[in-house]
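Undergrad: Sending over a structure as structure tokens; questions will come in a sec.
The values are calculated or read from the model by the stated rules, or taken from the named source; none is laboratory data. Keep in mind that what you see is a predicted model, and the values were worked out from it rather than measured. Note that we place each Cβ from the backbone using ideal geometry, even for glycine, and neighbour counts take in every protein chain shown. Quick note on the areas: whole protein, heavy atoms, side chains included, nothing else; ligands and nucleic acids left out. Shrake-Rupley method; radii C 1.70, N 1.55, O 1.52, S 1.80 Å.
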Amino acid sequence: MARILFYVIVCVSFIGCTSGKKTNVNIIPRPLECFVDGHKTMKVAFDVFEGNEINDILKVTLDTVADDLGLEGYELVVDGNGISVSAKTEIGVYYAKQTLKQLYNDGEIPHVRIKDKPRFAHRGLMLDVSRHFFTKDEIKNILDVMSDYKLNVFHWHLTDDGGWRIEIESYPKLTQLTSYRTAWEWKEWWKEGGEFVSEHSEKKHGGYYTKDDIREIVKYASERNITIIPEIEFPGHSREVFAAYPELCCSKEPYRQNTFCVGNEETYVFMEKVLNEVMDLFPSEFVHIGGDETSTKYWKTCSSCKKLMKKEGFDDVHSLHKYIISKAEDIIMKRGKRMIGWDEIANDDLGKSSVIMSWRGEKAGLRAAKKGYDVVLSPLHYLYLDYFQASPTKEPLAHDGHTPLKKVFTYNPLPDSLASVVNAHVLGVQGNLWTEWIASNEHLEYMAYPRALAVAELGWSYGNMRSWADFRDCVDKHISKLRKKGINSYTLSGDINASVNYEDGNMLLELEAERGDVEIRYSLNNDTLFDNMTEYVRPIEIKNSLNVCAAAFCNGKRVGDIYSNVFYRNKAQSKKISSTLGWSNEKTLIDGYIGSETYLDGTWFNFSGNQEFVVDLGESLSVNKISTRWMQLRAGARRYLPEHVEFYISEDGENYKLVKVVDKEKLNDVPALQYQKFEVDGNLKCRFIKLSVKSDRGGMSVDEIIVV
Ligand code: ACM
């Protein structure tokens, strides 16, 4: 390798350092303190960051920094004297080098003075390699990016219904019989019946990691200060186990169920042997045992499970879940390690060393933290990176909701309202990459980046230091760097996002784009020519109705889709609504907020079955339009359109007149997300409006009943 070409070009002292500009100089995650002398730089050869050459030019002092920088913190000074790093440990030095790598630009590093430490100990990324298998090299590529951004926990979801991925000597059939499938793609495979094939089969798709592979990856991760937490699923999500060892499930038949038999002693022999082999391979303090989404269906009728319930005095089948989790906890604790599991494992009998990974929102995690358990926050609406990150109308198939970069970045893991006792138990945050819909490394990179960089920000930097505007400019540069390295990162979108807000009784339309380098322009007359549109500088008031076209432009050229929509000041807003469901959140249907591109955003009303909704306008009013918008989503949990909606009006709330029946249109199978408006136009007069919704399948979502 070429010898370092390294020299200091400026020998004057760090003039202006203390008065230097406080900035993040495009470092992700943002350091605790960073002063840059904008005028001075040090020249460095470009290959200094390859191999260990960087070590030759660093002046490292260990065990010197103040205690409050912790074991991972560091101080970094680049000035006329060269580069000095002080840290308590080698981990701090490693992170200082990662920061230097980001500071390096075209042969130069700016003069800086940085003091840095992470906010959380657990800064994680989870990858599901069961639904689709990812090779050793693909895993290493992820570890490389993680270490660049100071993420330090790789949670490896190694087993699930889609295939067992880790060699286990005591149960060799796990990988021999269930790590390969009849089809590579998850959805194709299920269509074909979801069966596994032997590893010796000619037509096979999938793979597994040998013990040597695992050792190699654990070492690779450890060299990058990344701990790997292995996850072995119990007692649910284990359909693949029973394809190889059907005797371990209640039905004793392959492909019947995905839950271990809790009453069978052989289950615990399996658990002990497998977990011990896994613990032999992974030095991690934590072992993840899953514990999520467990069906109790077969336990209810299984004679062994019923016998166990009787013996233990359980009167509730859910106690069996607690029982098997406590067995896993014993096995793990015997090895001096700590069990971690999805939030379904939370119960008051759990040992205090066990950790809850909160995924169904944060409530379970924070409840456990209050009781003194350590928790990792990974709430699905913010940190599931397999969700759509841009409009599902254009994106590759993804799971359920819409979690754009901004949503990840603006997640607040520790709001001020939390007591410090709770804060102390939050070990950190984690982004999760489930892979039902992610069948290739290219797609995986697209979903992971740049959102994993936002997770790194949440995990490392302190909340009060974060600004979305700064981050999106900074992340844009990192996206370019990632793409230059051949990583298929998503790039920020120039499409318009519109939202309606209320201020002092005024209804305001806000427009924004994900890209920060754009000018948003709009028109109220369908004109979409740059010169004929108005620059958007502040929210636009909606007085009666507003027909808006908007687009983002960069240097006068449009960079995203043209957005167009009509917004109404709504006669139903803040009036009364009731329904046959009798829930309390029907008022979201008349709150004037339009839904975003996920039905999980709190502004969509989600329900199923034949239902009626009645809006009471409070007085008899003239009505020209009654409009409702419904979502059809062909991914994840799916949303279905009603078969039809009947619109009725009434003056007294008792005698209704049918105005119109609107049928479902046949919307195409692609793209994943589409909408249909079910609406009535006319010259109507009424106090009450009734919608009778008929549906014969699945969940439906409607965002608003608009009356104008
Ligand atoms: C999970 O997403 N089932 C943990």
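Undergrad: Please find the FRET efficiency linking Asn668 to Lys252, where r is the Cβ-Cβ separation and R0 is fixed at 45 Å, and quote it to the nearest 0.05. Mind dumping the intermediate values first?
TA: Details: r = 44 Å, r/R0 = 0.98.
The calculated FRET efficiency here is 0.55.
Undergrad: Given 5 Å bins starting at zero, what is the percent of C-alpha pairs of segment 375-506 in each, up to the one with the largest pair distance?
TA: 2, 9, 18, 21, 19, 14, 9, 5, 2, 0, 0
Undergrad: Scan around Asp561 for amide H atoms under 5 Å from its own, H built in the peptide plane at 1.01 Å from N, and keep only partners 5 or more places away or cross-chain.
TA: Asp495, Ile496
Undergrad: About the Cα centre, and with charges only on the beta carbon of Lys, Arg (+1) and Asp, Glu (-1), how big is the dipole of segment 595-662? Nearest 20 debye, please. Write out the running numbers ahead of the final one.
TA: Details: 7 positive and 10 negative charges, 110 e Å.
For segment 595-662, the charge dipole is close to 520 debye.
Undergrad: Relative contact order of the chain, please, whole-number percent, based on alpha carbon pairs below 8 angstrom and at least 6 residues apart. If you can, show how the numbers build up before the last one.
TA: Details: 1595 pairs, mean separation 63.2, N = 708.
Here the relative contact order equals 9 percent.
Undergrad: Ranked highest first by average number of other Cβ atoms within 10 Å, how do 162-168, 271-277, 492-498 line up? Intermediate values should be presented prior to the final figure.
TA: Details: 162-168: 25.1, 271-277: 18.6, 492-498: 21.3.
In descending order of packing, they fall as 162-168, 492-498, 271-277.
Undergrad: What would the Debye equation give as log₁₀ I(q)/I(0) for segment 143-274 at q = 0.12, 0.16, 0.18, 0.19 Å⁻¹, counting only Cα atoms as equal point scatterers?
TA: Those come out to -0.52, -0.85, -1.01, -1.07, one per q.
Undergrad: Return a whole-number percent for the relative contact order of segment 336-379, with Cα pairs under 8 Å and 6 or more residues apart as the contact set. Kindly include the intermediate steps, with their values, before the conclusion.
TA: Details: 72 pairs, mean separation 16.0, N = 44.
Reported relative contact order: 36 percent.
Undergrad: Once the whole set of protein chains is in place, how much accessible area is left on Lys297, using a 1.4 Å probe, in Å² to the nearest 10?
TA: Using a 1.4 Å probe on the heavy atoms, I get roughly 130 Å².
Undergrad: With +1 assigned to the C-beta of every Lys and Arg and -1 to the C-beta of every Asp and Glu, and no other charges, what is the dipole magnitude of segment 203-291 about the Cα centre in debye, to the nearest 20?
TA: Numbers: 10 positive and 15 negative charges, 78 e Å.
That gives a dipole near 380 debye.
Undergrad: Using the Kirkwood radius over Cα pairs, work out the Stokes-Einstein diffusion coefficient for segment 585-627 at 37 °C and 0.692 mPa s, in µm²/s as a whole number.
TA: Details: Rh = 12.5 Å.
After rounding, the answer is 262 µm²/s.
Undergrad: Per residue, what volume in Å³ does the convex hull of the Cα atoms of segment 287-402 enclose? Write out the running numbers ahead of the final one.
TA: Numbers: hull volume 15.3 nm³, N = 116.
Output value, Cα hull per residue: 132 Å³.
Undergrad: For the charge dipole of the chain, defined by +1 on Lys and Arg C-beta atoms and -1 on Asp and Glu C-beta atoms about the Cα centroid, which residue among Asn152, Leu673, Ala424 has the Cα displaced farthest towards the positive pole?
TA: Among Asn152, Leu673, Ala424, the one farthest towards the positive end of the dipole of the chain is Ala424.
Undergrad: Tell me, how many Å apart are the Cα centres for segment 95-146 and for segment 237-270?
TA: Rounded to whole Å, the Cα centres lie 39 Å apart.
Undergrad: While we're here: Quick one: which of 426-433, 539-546, 114-121 comes out on top by average Cβ neighbours within 10 Å, and what's the full order, highest first? Present the calculation step by step, with values, prior to reporting the outcome.
TA: Working: 426-433: 24.8, 539-546: 14.4, 114-121: 21.5.
Put in order of decreasing packing, that is 426-433, 114-121, 539-546.
Undergrad: In terms of modelled amide H atoms, which long-range or inter-chain residues lie less than 5 Å from the amide H of Ile340?
TA: So Ile340 has HN proximity to Val287, His288, Ile289, Val355.
Undergrad: Between Phe605 and residues 5 or more places away or on another chain, which pairs have amide H atoms under 5 Å apart, with H built 1.01 Å from N, and which residues are they?
TA: Result for Phe605 returns Val702, Asp703.
Undergrad: Rounded to the nearest angstrom and ordered from largest down, what semi-axes does the equivalent ellipsoid of segment 38-196 get from its C-alpha gyration tensor (root of 5λ)? All intermediate terms of the calculation are to be shown ahead of the outcome.
TA: Details: eigenvalues 387, 61, 33 Å².
Gyration-tensor ellipsoid for segment 38-196: 44, 18, 13 Å.
Undergrad: Binning at 10 angstrom from zero up to the longest distance, how are the C-alpha pair distances of the chain distributed in percent?
TA: Per 10 Å bin, starting at 0, the Cα pair percentages come out as 3, 13, 20, 23, 20, 14, 6, 2, 0, 0.
Undergrad: Hey, what D do you get for segment 107-210 in µm²/s if you plug the Kirkwood alpha-carbon radius into Stokes-Einstein at 4 °C and 1.567 mPa s?
TA: Values: Rh = 16.0 Å.
Value of D from the Cα-based Kirkwood radius: 81 µm²/s.
Undergrad: Okay, next question. What do the square roots of 5 times the Cα gyration tensor eigenvalues come to for segment 46-89, in whole Å, largest first, as semi-axes of the equivalent ellipsoid? Please list the in-between numbers first.
TA: On the way: eigenvalues 91, 30, 12 Å².
Over the Cα atoms of segment 46-89, the ellipsoid semi-axes are 21, 12, 8 Å.
Undergrad: Using the Cα atoms of segment 466-563, I'd like the radius of gyration and the largest Cα-Cα distance, Dmax, both in angstrom.
TA: Both quantities, over Cα of segment 466-563: 15.5, 51 Å.
Undergrad: When ligands, DNA and RNA are left out and all protein chains stay put, how many square angstrom of accessible area per residue does the chain have with a 1.4 Å probe? Spell out each step's value before the answer.
TA: Details: 29660 Å² over 708 residues.
Each residue of the chain exposes 42 Å² on average to a 1.4 Å probe.
Undergrad: Which pairs break 19 Å Cα to Cα here: Lys625/Lys677; Lys252/Lys307; Lys115/Lys219; Lys307/Lys352; Lys273/Lys300? Could the numbers behind the result be given before it?
TA: Numbers: Lys625/Lys677 12 Å; Lys252/Lys307 17 Å; Lys115/Lys219 29 Å; Lys307/Lys352 29 Å; Lys273/Lys300 27 Å.
Over 19 Å apart, Cα to Cα: Lys115/Lys219; Lys307/Lys352; Lys273/Lys300.
Undergrad: Here is a follow-up. Rounding to the nearest 20 debye, state how big the charge dipole of the chain is about its Cα centre with +1 on each Lys and Arg Cβ and -1 on each Asp and Glu Cβ. Don't skip to the end; give the middle numbers.
TA: Working: 89 positive and 103 negative charges, 94 e Å.
Value, rounded to 20: 440 debye.
Undergrad: On each of the three principal axes of the Cα atoms of segment 290-336, give max minus min coordinate, whole Å, ordered largest first.
TA: 36, 24, 15
Undergrad: Mind giving me the nanometre distance, one decimal, between the label points for Asp601 and Asp280, set 7 Å out from Cα along Cα→Cβ?
TA: That separation, rounded to one decimal, is 5.2 nm.
Undergrad: Let me ask something else about it. Relative contact order (percent) for segment 479-613, with alpha-carbon contacts under 8 angstrom and 6 or more residues of separation? Numbers along the way, then the final one.
TA: Working: 236 pairs, mean separation 25.6, N = 135.
Across segment 479-613, relative contact order equals 19 percent.
Undergrad: With a 1.4 Å probe and every protein chain left in place, tell me how much accessible area Arg367 has, in Å² to the nearest 10.
TA: 140
Undergrad: Still on this structure: From the backbone phi of segment 204-219, what are the Karplus-calculated ³J(HN,Hα) couplings (6.51 cos²θ - 1.76 cosθ + 1.60, θ = phi - 60°) in whole Hz, Gly and Pro given as x?
TA: 9, 9, x, x, 8, 9, 6, 4, 5, 4, 4, 4, 5, 6, 4, 5
Undergrad: Excluding residues fewer than 8 places away in the same chain, name every one of the lysines whose C-alpha is closer than 21 Å to that of Lys406.
TA: Lys150, Lys394, Lys477, Lys481
Undergrad: Which value, in Å² rounded to 10, gives the accessible area of Ser295 with a 1.4 Å probe and all protein chains present?
TA: It works out to around 50 Å².
Undergrad: Still on this structure, please answer the following. What translational D, rounded to a whole number of µm²/s, comes out for segment 39-131 from Stokes-Einstein when the hydrodynamic radius is the Kirkwood one over Cα pairs, at 4 °C and 1.567 mPa s?
TA: 91
Undergrad: Could you tell me which GluC sites (Glu not before Pro) in segment 282-367 are loop residues by DSSP with no more than 16 other beta carbons within 10 angstrom of their beta carbon?
TA: Here the GluC sites (Glu not before Pro) that fit, given the DSSP loop and packing criteria, are Glu285, Glu293.
Undergrad: What list of ³J(HN,Hα) values in whole Hz, one per residue of segment 310-322 in order, does the Karplus curve 6.51 cos²θ - 1.76 cosθ + 1.60 (θ = phi - 60°) give from phi, with Gly and Pro shown as x?
TA: Karplus-based 3J(HN,Hα) across segment 310-322 equals 5, 4, 8, x, 7, 9, 10, 4, 5, 4, 5, 5, 4 Hz.
Undergrad: In vacuum, with every alpha carbon of segment 538-673 counted as one equal point scatterer, what does the Debye formula give for log10 I(q)/I(0) at q = 0.10, 0.11, 0.16, 0.17 Å⁻¹? Two decimals, please.
TA: Values, matching the q order: -0.44, -0.53, -1.09, -1.20.
Undergrad: Ranked by accessible surface with a 1.4 Å probe, highest first, in what order do Arg538, Arg569, Arg639 come? Before the final figure, lay out each step's value.
TA: Numbers: Arg538 160, Arg569 85, Arg639 25 Å².
The residues order as Arg538, Arg569, Arg639, largest area first.
Undergrad: Return the tail of the calculated pair distribution for segment 420-484, meaning the percent of Cα-Cα pairs more than 20 Å apart.
TA: On the way: 871 of 2080 pairs.
For segment 420-484, the share of Cα pairs beyond 20 Å comes to 42 percent.
Undergrad: Right, another one. Give the aspartates and glutamates whose C-alpha is closer than 13 Å to that of Lys337, dropping any in the same chain fewer than 8 places away, or say none.
TA: Leaving aside aspartates and glutamates fewer than 8 places away in the same chain, those within reach of Lys337 are Asp280, Glu285, Glu329.
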